[in-house]
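The values are calculated or read from the model by the stated rules, or taken from the named source; none is laboratory data. Since the structure is predicted, the reported quantities are computational estimates derived from the model, not experimental observations. We place every Cβ from the backbone using ideal geometry, glycine too, and count neighbours over all the protein chains shown. In case anyone asks, the SASA skips ligands and DNA or RNA and just uses the protein heavy atoms, side chains included. Shrake-Rupley method; radii C 1.70, N 1.55, O 1.52, S 1.80 Å.
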Amino acid sequence: MQSRVALVTGGTGGIGTAIIRRLAQMGHRVATNYRDEARARAWQARMRGDGIDVALAQGDVSLPEQAQALVQEIERDLGPIEILVNNAGITRDSTFHRMTPLQWNEVIGTNLNSCFNVTRPVIEDMRERRWGRIVQISSINGLKGQYGQANYAAAKAGMHGFTISLARENARFGITVNTVSPGYVATDMVMAVPDDVRAKIVAEIPTGRLGTPDEIAYAVAFLVAEEAAWITGSNLDINGGHHMGW
Ligand code: NDP
(Lines give C-alpha, C1' and ligand atoms only; values in the text may rest on other atoms or scores of the structure.)
Protein backbone atom coordinates (compact mmCIF):
# COMPACT_ATOMS: atom_id res chain seq x y z
CA MET A 1 0.00 0.00 0.00
CA GLN A 2 1.20 3.51 -0.80
CA SER A 3 2.36 5.61 2.14
CA ARG A 4 0.60 9.01 2.17
CA VAL A 5 1.01 12.19 4.21
CA ALA A 6 -1.94 12.59 6.58
CA LEU A 7 -2.95 15.61 8.65
CA VAL A 8 -5.45 14.99 11.45
CA THR A 9 -6.48 18.23 13.14
CA GLY A 10 -6.99 17.93 16.90
CA GLY A 11 -4.91 14.77 16.74
CA THR A 12 -3.90 14.97 20.40
CA GLY A 13 -7.52 14.50 21.57
CA GLY A 14 -9.40 11.28 22.27
CA ILE A 15 -10.73 10.49 18.79
CA GLY A 16 -7.84 12.21 16.99
CA THR A 17 -5.24 10.05 18.75
CA ALA A 18 -7.08 6.89 17.70
CA ILE A 19 -7.27 8.13 14.08
CA ILE A 20 -3.55 8.91 14.06
CA ARG A 21 -2.75 5.45 15.42
CA ARG A 22 -4.86 3.78 12.72
CA LEU A 23 -3.39 5.85 9.88
CA ALA A 24 0.14 5.20 11.12
CA GLN A 25 -0.63 1.46 11.28
CA MET A 26 -1.70 1.71 7.63
CA GLY A 27 1.80 3.00 6.85
CA HIS A 28 0.94 6.68 6.42
CA ARG A 29 3.14 9.54 7.63
CA VAL A 30 1.05 11.38 10.19
CA ALA A 31 0.90 14.94 11.49
CA THR A 32 -1.26 17.07 13.73
CA ASN A 33 -1.51 20.58 15.11
CA TYR A 34 -1.23 21.72 18.70
CA ARG A 35 -1.87 24.82 20.75
CA ASP A 36 -0.16 23.96 24.05
CA GLU A 37 3.44 23.02 23.26
CA ALA A 38 4.32 21.27 26.54
CA ARG A 39 1.21 19.06 26.40
CA ALA A 40 1.75 18.28 22.74
CA ARG A 41 5.40 17.30 23.21
CA ALA A 42 4.46 14.98 26.11
CA TRP A 43 1.78 13.39 23.89
CA GLN A 44 4.27 13.08 21.02
CA ALA A 45 6.73 11.29 23.32
CA ARG A 46 4.01 8.83 24.40
CA MET A 47 3.18 8.12 20.76
CA ARG A 48 6.86 7.65 19.95
CA GLY A 49 7.03 5.18 22.84
CA ASP A 50 4.40 3.18 20.95
CA GLY A 51 6.48 3.38 17.77
CA ILE A 52 4.42 6.14 16.12
CA ASP A 53 6.27 9.21 14.89
CA VAL A 54 3.93 12.21 14.61
CA ALA A 55 4.97 15.53 13.08
CA LEU A 56 3.66 18.51 15.05
CA ALA A 57 2.89 22.06 13.96
CA GLN A 58 1.55 24.82 16.16
CA GLY A 59 -1.72 26.44 15.18
CA ASP A 60 -5.29 27.28 16.05
CA VAL A 61 -7.50 25.96 13.25
CA SER A 62 -10.18 28.59 13.84
CA LEU A 63 -7.76 31.24 12.53
CA PRO A 64 -7.07 31.23 8.76
CA GLU A 65 -3.47 32.50 8.95
CA GLN A 66 -2.51 29.97 11.64
CA ALA A 67 -4.19 27.12 9.75
CA GLN A 68 -2.31 28.05 6.59
CA ALA A 69 0.98 28.31 8.49
CA LEU A 70 0.56 24.90 10.11
CA VAL A 71 -0.23 23.28 6.76
CA GLN A 72 2.91 24.86 5.27
CA GLU A 73 5.05 23.67 8.17
CA ILE A 74 3.80 20.09 7.87
CA GLU A 75 4.29 20.12 4.10
CA ARG A 76 7.86 21.36 4.57
CA ASP A 77 8.51 18.46 6.99
CA LEU A 78 6.65 15.62 5.29
CA GLY A 79 5.60 16.69 1.78
CA PRO A 80 2.16 17.50 0.30
CA ILE A 81 -0.82 16.55 2.45
CA GLU A 82 -2.81 13.81 0.71
CA ILE A 83 -5.16 12.82 3.53
CA LEU A 84 -6.89 15.46 5.63
CA VAL A 85 -9.13 14.69 8.60
CA ASN A 86 -10.94 17.76 9.93
CA ASN A 87 -11.38 16.50 13.47
CA ALA A 88 -10.63 19.42 15.83
CA GLY A 89 -13.74 20.42 17.73
CA ILE A 90 -15.11 21.95 20.91
CA THR A 91 -18.40 22.35 22.74
CA ARG A 92 -19.67 25.46 24.52
CA ASP A 93 -23.10 24.21 25.59
CA SER A 94 -25.95 26.46 26.61
CA THR A 95 -29.64 26.64 25.86
CA PHE A 96 -30.08 29.06 23.00
CA HIS A 97 -31.97 31.71 24.98
CA ARG A 98 -28.91 32.06 27.23
CA MET A 99 -26.22 31.54 24.57
CA THR A 100 -23.67 34.34 24.19
CA PRO A 101 -22.15 35.52 20.91
CA LEU A 102 -18.81 34.18 22.18
CA GLN A 103 -20.23 30.67 22.73
CA TRP A 104 -21.75 30.73 19.25
CA ASN A 105 -18.67 32.12 17.50
CA GLU A 106 -16.12 29.89 19.24
CA VAL A 107 -18.00 26.75 18.25
CA ILE A 108 -18.66 27.84 14.66
CA GLY A 109 -15.06 29.03 14.36
CA THR A 110 -13.43 25.86 15.67
CA ASN A 111 -15.81 23.25 14.27
CA LEU A 112 -16.90 24.73 10.93
CA ASN A 113 -14.70 27.65 9.86
CA SER A 114 -11.73 25.38 10.55
CA CYS A 115 -12.86 23.16 7.67
CA PHE A 116 -12.43 26.12 5.31
CA ASN A 117 -9.23 27.28 7.01
CA VAL A 118 -7.41 23.95 6.79
CA THR A 119 -8.87 22.50 3.60
CA ARG A 120 -8.36 25.63 1.50
CA PRO A 121 -4.52 25.49 1.70
CA VAL A 122 -4.41 21.77 0.75
CA ILE A 123 -7.05 21.48 -1.96
CA GLU A 124 -5.24 23.07 -4.89
CA ASP A 125 -2.28 20.74 -4.52
CA MET A 126 -4.57 17.71 -4.19
CA ARG A 127 -6.30 18.73 -7.43
CA GLU A 128 -2.98 19.09 -9.21
CA ARG A 129 -1.79 15.70 -7.94
CA ARG A 130 -5.17 14.15 -8.79
CA TRP A 131 -5.47 12.28 -5.52
CA GLY A 132 -6.86 13.20 -2.12
CA ARG A 133 -8.95 12.03 0.81
CA ILE A 134 -10.82 14.52 3.00
CA VAL A 135 -12.92 13.43 5.97
CA GLN A 136 -14.92 15.68 8.29
CA ILE A 137 -15.66 14.46 11.82
CA SER A 138 -19.18 15.73 12.39
CA SER A 139 -21.59 14.41 15.04
CA ILE A 140 -24.87 12.62 15.63
CA ASN A 141 -26.08 15.96 17.01
CA GLY A 142 -25.58 17.63 13.62
CA LEU A 143 -28.20 15.20 12.32
CA LYS A 144 -30.76 15.06 15.12
CA GLY A 145 -30.11 18.27 17.10
CA GLN A 146 -29.47 18.41 20.83
CA TYR A 147 -30.79 20.40 23.75
CA GLY A 148 -28.22 23.07 24.68
CA GLN A 149 -26.22 22.64 21.47
CA ALA A 150 -27.69 24.98 18.83
CA ASN A 151 -24.15 26.23 18.12
CA TYR A 152 -22.58 22.76 17.96
CA ALA A 153 -25.43 21.21 15.94
CA ALA A 154 -25.35 24.12 13.47
CA ALA A 155 -21.60 23.73 12.98
CA LYS A 156 -21.78 19.95 12.66
CA ALA A 157 -24.72 20.10 10.22
CA GLY A 158 -22.79 22.73 8.24
CA MET A 159 -19.98 20.23 7.79
CA HIS A 160 -22.34 18.04 5.75
CA GLY A 161 -23.04 20.88 3.31
CA PHE A 162 -19.33 21.48 3.06
CA THR A 163 -18.67 17.78 2.39
CA ILE A 164 -21.24 17.32 -0.35
CA SER A 165 -20.28 20.50 -2.21
CA LEU A 166 -16.56 19.73 -2.07
CA ALA A 167 -17.29 16.17 -3.14
CA ARG A 168 -19.02 17.44 -6.29
CA GLU A 169 -16.34 19.98 -7.14
CA ASN A 170 -13.42 17.60 -6.71
CA ALA A 171 -14.62 14.15 -7.75
CA ARG A 172 -13.03 14.44 -11.19
CA PHE A 173 -9.68 15.16 -9.57
CA GLY A 174 -9.44 11.84 -7.73
CA ILE A 175 -10.40 13.48 -4.44
CA THR A 176 -13.07 11.97 -2.20
CA VAL A 177 -14.78 14.01 0.50
CA ASN A 178 -16.86 12.33 3.20
CA THR A 179 -18.24 12.86 6.67
CA VAL A 180 -18.15 10.57 9.69
CA SER A 181 -20.81 11.30 12.30
CA PRO A 182 -19.95 9.69 15.63
CA GLY A 183 -22.47 9.15 18.37
CA TYR A 184 -21.36 9.44 21.99
CA VAL A 185 -17.78 8.25 22.43
CA ALA A 186 -15.97 7.81 25.74
CA THR A 187 -13.51 10.71 25.43
CA ASP A 188 -12.86 13.68 27.74
CA MET A 189 -15.56 15.63 25.87
CA VAL A 190 -18.25 13.12 26.88
CA MET A 191 -16.81 12.11 30.26
CA ALA A 192 -17.08 15.83 31.22
CA VAL A 193 -20.87 15.48 31.02
CA PRO A 194 -22.42 14.92 34.50
CA ASP A 195 -22.78 11.19 35.39
CA ASP A 196 -26.59 11.24 35.57
CA VAL A 197 -26.89 12.93 32.15
CA ARG A 198 -24.43 10.43 30.66
CA ALA A 199 -26.41 7.51 32.12
CA LYS A 200 -29.54 8.85 30.41
CA ILE A 201 -27.68 9.08 27.10
CA VAL A 202 -26.37 5.51 27.39
CA ALA A 203 -29.90 4.29 28.16
CA GLU A 204 -30.97 5.60 24.72
CA ILE A 205 -28.23 3.72 22.83
CA PRO A 206 -29.40 0.33 21.51
CA THR A 207 -25.94 -1.23 22.00
CA GLY A 208 -26.12 -0.10 25.66
CA ARG A 209 -22.70 1.54 25.76
CA LEU A 210 -20.65 4.50 24.57
CA GLY A 211 -18.46 4.09 21.49
CA THR A 212 -14.68 3.82 21.63
CA PRO A 213 -12.34 6.22 19.81
CA ASP A 214 -10.96 3.32 17.79
CA GLU A 215 -14.43 2.49 16.46
CA ILE A 216 -14.49 5.98 14.91
CA ALA A 217 -10.90 5.67 13.67
CA TYR A 218 -11.83 2.42 11.90
CA ALA A 219 -14.40 4.30 9.79
CA VAL A 220 -11.86 6.98 8.86
CA ALA A 221 -9.35 4.30 7.85
CA PHE A 222 -12.02 2.75 5.63
CA LEU A 223 -12.84 6.04 3.90
CA VAL A 224 -9.23 7.04 3.21
CA ALA A 225 -8.22 3.68 1.75
CA GLU A 226 -7.20 3.50 -1.92
CA GLU A 227 -10.12 1.09 -2.44
CA ALA A 228 -12.65 3.71 -1.23
CA ALA A 229 -12.18 5.77 -4.42
CA TRP A 230 -15.88 5.57 -5.36
CA ILE A 231 -17.19 6.64 -1.94
CA THR A 232 -17.63 10.39 -1.99
CA GLY A 233 -20.17 12.84 -0.60
CA SER A 234 -21.34 10.27 1.91
CA ASN A 235 -21.98 10.42 5.62
CA LEU A 236 -21.13 7.43 7.77
CA ASP A 237 -23.12 7.25 11.04
CA ILE A 238 -21.35 5.40 13.84
CA ASN A 239 -23.47 5.58 16.93
CA GLY A 240 -24.45 2.14 18.24
CA GLY A 241 -27.90 2.57 16.67
CA HIS A 242 -28.60 5.76 18.64
CA HIS A 243 -29.84 7.58 15.54
CA MET A 244 -30.78 5.66 12.42
CA GLY A 245 -31.20 7.64 9.22
CA TRP A 246 -31.48 6.48 5.64
P1 NDP B 1 -11.16 16.13 22.47
O2 NDP B 1 -11.59 17.29 23.29
O3 NDP B 1 -10.58 14.93 23.14
O4 NDP B 1 -10.11 16.62 21.35
C5 NDP B 1 -10.32 17.79 20.62
C6 NDP B 1 -9.03 18.13 19.90
O7 NDP B 1 -9.26 19.31 19.11
C8 NDP B 1 -7.87 18.44 20.82
O9 NDP B 1 -6.67 17.95 20.27
C10 NDP B 1 -7.86 19.96 20.84
O11 NDP B 1 -6.61 20.53 21.11
C12 NDP B 1 -8.23 20.25 19.40
N13 NDP B 1 -8.71 21.61 19.24
C14 NDP B 1 -9.79 22.20 19.85
N15 NDP B 1 -9.90 23.46 19.47
C16 NDP B 1 -8.89 23.70 18.59
C17 NDP B 1 -8.46 24.84 17.85
N18 NDP B 1 -9.13 26.00 17.89
N19 NDP B 1 -7.38 24.73 17.06
C20 NDP B 1 -6.71 23.58 17.00
N21 NDP B 1 -7.04 22.45 17.68
C22 NDP B 1 -8.12 22.52 18.46
O23 NDP B 1 -12.44 15.75 21.60
P24 NDP B 1 -12.86 14.38 20.91
O25 NDP B 1 -11.67 13.60 20.54
O26 NDP B 1 -13.91 13.77 21.73
O27 NDP B 1 -13.59 14.95 19.60
C28 NDP B 1 -12.97 14.97 18.31
C29 NDP B 1 -14.01 15.37 17.29
O30 NDP B 1 -15.08 14.43 17.32
C31 NDP B 1 -14.64 16.74 17.55
O32 NDP B 1 -14.85 17.41 16.34
C33 NDP B 1 -15.98 16.39 18.19
O34 NDP B 1 -16.92 17.39 18.00
C35 NDP B 1 -16.31 15.11 17.46
N36 NDP B 1 -17.25 14.26 18.15
C37 NDP B 1 -16.96 13.75 19.38
C38 NDP B 1 -17.87 12.94 20.02
C39 NDP B 1 -17.58 12.32 21.34
O40 NDP B 1 -18.47 11.64 21.83
N41 NDP B 1 -16.43 12.50 21.92
C42 NDP B 1 -19.16 12.62 19.41
C43 NDP B 1 -19.35 13.19 18.10
C44 NDP B 1 -18.42 13.98 17.52
P45 NDP B 1 -6.28 21.23 22.53
O46 NDP B 1 -5.74 20.13 23.37
O47 NDP B 1 -5.30 22.28 22.16
O48 NDP B 1 -7.58 21.79 23.05
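Here are the numbers for the structure shown:
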item: Residue check for residue 138: within 30 Å of residue 102 (Cα to Cα), touching a strand residue (DSSP E or B) at 6+ places or on another chain (Cβ under 7 Å) and either surrounded by 17 or more Cβ atoms within 10 Å (Cβ to Cβ) or touching a residue at least 40 places away in the same chain (Cβ under 8 Å) (or both); result: yes
item: Check on residue 207, within 15 Å of the ligand (Cβ to nearest atom), closer than 25 Å to residue 22 by Cβ, open to solvent by 40 Å² or more (accessible area, probe 1.4 Å) and not in a helix (DSSP H, G or I); result: yes
item: Where residue 135 falls short, out of the listed (1) within 14 Å of the ligand (Cβ to nearest atom); (2) in contact with an Asp or Glu (Cβ under 6 Å, 6 or more places away or on another chain); result: (2)
item: Filter pass, residue 135 being outside any helix (DSSP H, G or I) and closer than 16 Å to residue 224 by Cα; result: yes
item: Contacts under 6 angstrom Cβ, first residue in region 154-177 being at negative phi, partner in a helix (DSSP H, G or I) and aliphatic (A, V, I, L, M), 6 or more apart; result: 155/107; 155/108; 155/112; 158/112; 175/126; 177/166; 177/167
item: Region 73-96 residues that are within 16 Å of residue 154 (Cα to Cα), paired with ones that are aromatic (Phe, Trp, Tyr) and open to solvent by less than 30 Å² (accessible area, probe 1.4 Å) (beta carbon under 6 Å, 6 or more apart); result: 91/152
item: Subset tally (residues that are part of a loop (DSSP other than H, G, I, E, B), more than 15 Å from the ligand (Cβ to nearest atom) and among the small types (Gly, Ala, Ser)) for region 210-240; result: 4
item: Search result, residues across region 154-206 that are more than 30 Å from residue 127 (Cα to Cα) and under 15 Å from the mean Cα position of the chain (by Cα); result: 183, 184, 185, 187, 189
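This table checks each residue for (1) farther than 20 Å from residue 143 by Cβ; (2) assigned to a helix (DSSP H, G or I); (3) not aliphatic (A, V, I, L, M).
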position: 162; (1), (2), (3): no, yes, yes
position: 170; (1), (2), (3): yes, yes, yes
position: 181; (1), (2), (3): no, no, yes
position: 201; (1), (2), (3): no, yes, no
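For (1) touching a helix residue (DSSP H, G or I) at 6+ places or on another chain (Cβ under 9 Å); (2) away from the ligand (no atom under 16 Å from the Cβ); (3) open to solvent by 60 Å² or more (accessible area, probe 1.4 Å), each residue gets a yes or a no:
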| site | (1), (2), (3) |
| --- | --- |
| 147 | no, no, yes |
| 152 | yes, no, no |
| 155 | yes, no, no |
| 164 | no, yes, yes |
| 168 | no, yes, yes |
| 179 | yes, no, no |
| 187 | yes, no, no |
| 190 | yes, no, no |
| 246 | no, yes, yes |
